[in-house]
1. Given the options Ala100, Ala41, Ala51, Ala108, name the one that is in contact (Cβ under 8 Å) with a residue 40 or more places away in the chain, in contact with a His (Cβ under 9 Å, 6 or more places away or on another chain) and not aromatic (Phe, Trp, Tyr).
2. Could you tell me whether segment 151-170 includes any residue that is within 23 Å of Asn256 (Cα to Cα), away from ligand 1 (no atom under 14 Å from the Cβ) and outside any loop (DSSP other than H, G, I, E, B)?
3. Looking at Leu72, is it within 14 Å of ligand 2 (Cβ to nearest atom), closer than 30 Å to Glu305 by Cβ and without any contact (Cβ under 8 Å) to a residue 24 or more places away in the chain?
4. Of everything in segment 108-119 that's farther than 18 Å from Leu33 by Cβ and polar (S, T, N, Q), which residue is nearest to ligand 1 (Cβ to nearest atom)?
5. Please go through segment 457-476 and give me each residue that is open to solvent by 20 Å² or more (accessible area, probe 1.4 Å) and either of a type outside the set (D, E, K, R) or not in a loop (DSSP other than H, G, I, E, B) (or both), ordered by number.
6. Just to be sure, is Asp502 assigned to a loop (DSSP other than H, G, I, E, B) and closer than 23 Å to Val172 by Cβ?
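The values are calculated or read from the model by the stated rules, or taken from the named source; none is laboratory data. Only a predicted model underlies this, so the values are computations on that prediction, with no experimental measurement involved. A quick note on method: Cβ atoms are made from the backbone with ideal geometry, for glycine too, and the neighbour counts reach across all protein chains shown. What goes into the accessible areas is simple: the full protein's heavy atoms, side chains included, and nothing from ligands, DNA or RNA. Shrake-Rupley method; radii C 1.70, N 1.55, O 1.52, S 1.80 Å.
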Amino acid sequence: MADIIQLLPDHVANQIAAGEVVQRPASVVKELLENAIDAGASTIKLIVKDAGKTLVQVIDDGKGMSATDARLSFERHATSKIRTADDLFQLHTKGFRGEALASIAAIAHVELKTKQEQDDVGTTIEIEGSNIVSQEVIVTPKGTSISVKNLFFNIPARRNFLKSNTVELRHVIDEFHRVSLAHPNISFALYNNGSESFNLPISNYRQRIVNIFGNKTNEKLVPVEEDTEVLKISGFVGKPEFAKKTRGEQYFFVNNRFIKSAYLNHAIASAFDGLLKSGTHPSYFLNLEVDPQTIDINIHPTKTEIKFDDEHTLYALLRSAVKHSLGQFNIAPVLDFERDPNLDTPYDYKNSGASVPKVEVDRSFNPFQEESESKARAVSYKKEPAENWESLYVGLESKGTKTHQDFSEVHFESEESAPSIFNDEKQIESVNTTYQLHNKYIVSTIKSGMLVIDQHRAHQRILYEEFLKNMTIKEAVSQQLLFPLQLHFSTQEITIVNQLKDDLENTGFVFSKFNDESLEITGVPVSVPESEVSIILEQLISDVENEVPDSHFSATDLLAKSMAKSLAIKTGQSLQKDEQEHLVNKLFACKEPNISPTNRSTFITLSVDELDKKFI
Ligand code: ADP
Ligand code: MG
């Protein structure tokens, strides 16, 4: 038989290698930013278009490349950063594999412009799918600019695999955060589709964190410092009361390189033991400095996981350093876990001056009236300027508690046809025969036996379909708030809310201001109590951030799910008879009554036959 083994051509090998290094636009961002840092830049600009799918460009003022180096930089295993394997244990640069540019050039249109300080002219090179299209002399400032266009243009399968711009942009911003947090001594800027998203001047570490995550972050930070022979720790942890539902703001840097480590994360979590509400995660921004000889960065192509020689010692040191800081700054005693959120003033009205606003309250307004009526009463004020809010007040006087309220606001469309389960022999005999079991299940009889409904899941389904409908037909009713509600978020969180703004407005939210770090709300959906607004938005942000990468992302759907989750009556809530009946009726008026928005069963049936069998 003839020989069958062949060496792969370079461009194929590069494409395969690219699969490891470049998963998405954010991977390109990471590699280019790291190269700029390794080149000693003090100013780095990142420009992206369409979340990096169309363009990722990084411009630096670093040392640049000679014409020969510029050409060589796109070869595989071409690096200026190590020469022997021993150098791997003395790394002071981000890159060392010499693979990034070769990989990127294999799967995109790349344009490089570079010039060294001492040279009069620079070099420009264009490469498309590993083929050099042109190399010319140009006039260009000192430093390097690399544009990566049309990522995966020659691998449609990979291109189709990319997520929505919202998701990809989030990855790009994450990467930008990681790199810029590790280097406060370098100035960074990010431009997205022509507008500036971040501009981070050279600053100290605390200022860098604040510049990224917003002014409000400053008061939340507790410094951590520890200097031992094996390890130097510096940075900040977030005060426990500001712990978040998402794991978003958790950053470890080892020798200025962002890393992921579940083990070290656990060290921090255990330092916070007993200080956090369940389900929340502390923020941290910690730099660890260790001898490069004691770590191995080489175990992962994207270099986000590293191996430590002595992880146990690091764990112990980290834990005690964080514990010490929390103790020193007197964090523990001021905690009050039982605080009733309803007692917190949810809006900042100190700034609204001493004059008492003239408020016309429609005392006869009943939010629980039929939808059509409440619609007629609710003022549509989308186009009204924010200053006019005093005269426009209509809406709910907040009851302050959530009990029963959400549910009563569900309007029932009894004329809607009931779905199949009740069309046949299983007709509900009478809705009066409902019982609530353990404040969790609603039990009712049907012709064939009995029906057990999970109240939380059922209500989620009802709300989900309602929100979806409102968003689609854009007919939601707003209730105007007595005082505009001011909410503070990080810039990134604001970006997320902003992307969902249209959909939120279609559910009944009215935004009067959208700043970098705060937003102002003057109206909310009728079914949303004011005290829940910040919780809903926080949940929403968390859901967007934690969106399962494989699920198909639809902002509308996600928003509807998230709001339904936040607002649905909870397990443990007791329901009046009429509320139980409404829930049953409303559920079976849904399009898909048998599953919750997250695909879980909303009810089960138990037939008389099945019951009979149990009595044998
Ligand atoms: P690595 O960073 O692992 O060395 P890369 O493929 O990322 O591999 O880059 C190859 C080489 O190109 C680098 O070693 C460096 O010498 C050069 N290079 C890449 N980007 C820049 C830049 N922005 N400024 C100066 N030199 C660069
Ligand atoms: Mg590199």
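1. On inspection, the qualifying residue turns out to be Ala51.
2. Yes: segment 151-170 contains one or more residues that are within 23 Å of Asn256 (Cα to Cα), away from ligand 1 (no atom under 14 Å from the Cβ) and outside any loop (DSSP other than H, G, I, E, B).
3. Values: within 14 Å of ligand 2 (Cβ to nearest atom): yes; closer than 30 Å to Glu305 by Cβ: yes; without any contact (Cβ under 8 Å) to a residue 24 or more places away in the chain: yes.
For Leu72, the condition - within 14 Å of ligand 2 (Cβ to nearest atom), closer than 30 Å to Glu305 by Cβ and without any contact (Cβ under 8 Å) to a residue 24 or more places away in the chain - is met.
4. Gln116
5. Listed by number, the residues that qualify are Arg457, Tyr464, Glu465, Glu466, Leu468, Lys469, Asn470, Thr472, Ile473, Ala476.
6. no
For (1) surrounded by fewer than 23 Cβ atoms within 10 Å (Cβ to Cβ); (2) within 25 Å of Thr114 (Cβ to Cβ); (3) away from ligand 2 (no atom under 14 Å from the Cβ), each residue gets a yes or a no:
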site: Asp3; (1), (2), (3): yes, no, yes
site: Glu20; (1), (2), (3): yes, no, no
site: Glu31; (1), (2), (3): no, yes, no
site: Ala39; (1), (2), (3): yes, yes, no
site: Lys53; (1), (2), (3): yes, yes, yes
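So that you can scan it fast, the table gives a plain yes or no per residue for (1) surrounded by 18 or more Cβ atoms within 10 Å (Cβ to Cβ); (2) modelled with pLDDT of 95 or more; (3) of a type in the set (Gly, Ala, Ser):
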| site | (1), (2), (3) |
| --- | --- |
| Gly143 | yes, yes, yes |
| Ile146 | yes, yes, no |
| Pro156 | no, no, no |
| Phe161 | no, no, no |
| Ser164 | no, no, yes |
| Val172 | yes, yes, no |
| His177 | yes, yes, no |
